1. Filtering region 92-114 down to residues that are of a type in the set (A, V, I, L, M) and either in contact (Cβ under 8 Å) with a residue 60 or more places away in the chain or touching a helix residue (DSSP H, G or I) at 6+ places or on another chain (Cβ under 8 Å) (or both), which residue is nearest to Ser8 (Cα to Cα)?
2. Which one of Ser189, Ser147 is of a type in the set (S, T, N, Q) and in contact with a strand residue (DSSP E or B) (Cβ under 6 Å, 6 or more places away or on another chain)?
3. For region 260-293, which positions are crowded, with 17+ Cβ neighbours inside 10 Å and not in a helix (DSSP H, G or I)?
4. Can you confirm whether Thr303 is part of a strand (DSSP E or B) and within 28 Å of the chain's Cα centre (by Cα)?
5. Is one or more of the residues making up region 340-349 under 30 Å from Lys267 (Cα atoms) and over 18 Å from the mean Cα position of the chain (by Cα)?
6. Considering only region 18-53, state which residues are over 22 Å from Leu101 (Cα atoms) and outside any loop (DSSP other than H, G, I, E, B).
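Bear in mind that the values in this text are calculations on the coordinates, not laboratory data. Bear in mind that the values here come from a model prediction, so they are computed numbers and not experimental data. Quick reminder, even Gly has a Cβ in these numbers, built from the backbone with ideal geometry, and neighbours come from all protein chains shown.
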Amino acid sequence: MSALPFTSSEYLKRQEIVLDGMPDNSVLVIPTNRKAVRSNDVNYPFRPSSYIMYLCGWTEPDGIFLARKSSSKISTVLFVKPRETKSEIWEGIRVGLEGALDGWPIDIAASIDDLNAELAPLLDGCNQIFSINGQNNELDSILNEHSTVSDARILVDKHRVIKSDREIEIMTEASAIASEAHIRAIGHSFPGIGEWQIQSIIESHFTHSESQWSYPSIVGGGDNATILHYKENNCKIDDGEMVLVDAGCEVHGYASDITRTWPVNGKFSEAQREIYELVLKAELAGIEACQPGAPWLSMHRATSLVLAEGLIELGILDCTIQEAIGEGNDFNGPYRDFFMHGTGHFLGLDVHDVGGGRQGDDDPGPELRHGMVVTVEPGLYFGSWRTDVNIPSRYAGIGVRIEDDVLITDSGPVVLSAGCPKEIEEIEALVGKLR
């Protein structure tokens, strides 16, 4: 039997609500991700498709979930690799057809090795197919021979955005593990520590806690903290410098995403404190703006107003608030020279989860609703290496981002990552204390 993170009834409810949005005599076909080659005969670690995990919990490679709706009746098939001793000796024991039928929320298990023959009768006479192209070339060819294929993501995404009680429980666990990892990293910091050492502290705690990273950890010391998606993690962090750590983990595929910034010597300088306090004030305003019924842009407007006002008060910008923010609702004024990204994104089975609302999207984003989980992550970045904008010498080399995971509820925002310290006094008291 499988040890799925959700009950069969929850998976079946998801299948029912997704197929309810499809016309009669239509088919939903969801392949999992492909295995990817790292080098020669070595693959990258496999991560299954979020869509197949959402609909039936399947996590092995080479899986395809199919659901057919006929006269308001749903029938489901899971295509999997059959048991085979020779392959299992090298790669591990498979669930196989019998195991899939016994432990997964499906009606039929079929061999993916016979996909062409098995799939044909299931597609016979169907009027519309919904799938995700580009994941399985053999599947794409078969489907395109039968009918025009519509994008299945538009059916599923709107339901993935609202989290069930069990999903929230899992995401709370992921946030707690990530919070503990950040605490360990802060507590083991010292002047001269390597970015890679902080990464190892963070990610070893993920592994120890039976989770895995939800994205490669960002560990940027000094000027490296001003590079938004810094990835090298190979520099030492000198006395007097801060480090920005953006790291989260997955539990049953559900992500956490936390950023903290701290001085490795345990004491914020005056300039560091000024920027940190401003970003923290903006983050708290963004969290407060996460109210049910509020438009998506509410949290970005809240953080932007605080940051723009603070940049003026610190003398970094010499203009009015309106000039700093810019005309209209785009918030693209000169304050964006130091805060280049959006305030947050949805969080769930993907760290940048489905639902829209991210910077650069064509639409203004959805209305916040009970059960959504978002990040709130304002930041300010003063890279001394930049030549496109005037960087005040007082703040050169400072990069600060503070990010929490926030659940929208009818009674207001709930910070799932509240266990991770972010007040200056808390951080200064913790740095180096666990060594």
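1. Ile106
2. Details: Ser189 fails: in contact with a strand residue (DSSP E or B) (Cβ under 6 Å, 6 or more places away or on another chain).
It is Ser147.
3. Arg260, Thr261, Trp262, Pro263, Val264, Asn265, Gly266, Phe268, Ala289, Cys290
4. no
5. Yes; the residues of region 340-349 include at least one that is under 30 Å from Lys267 (Cα atoms) and over 18 Å from the mean Cα position of the chain (by Cα).
6. Ser26, Val37, Arg38, Ser39, Val42, Asn43, listed by residue number.
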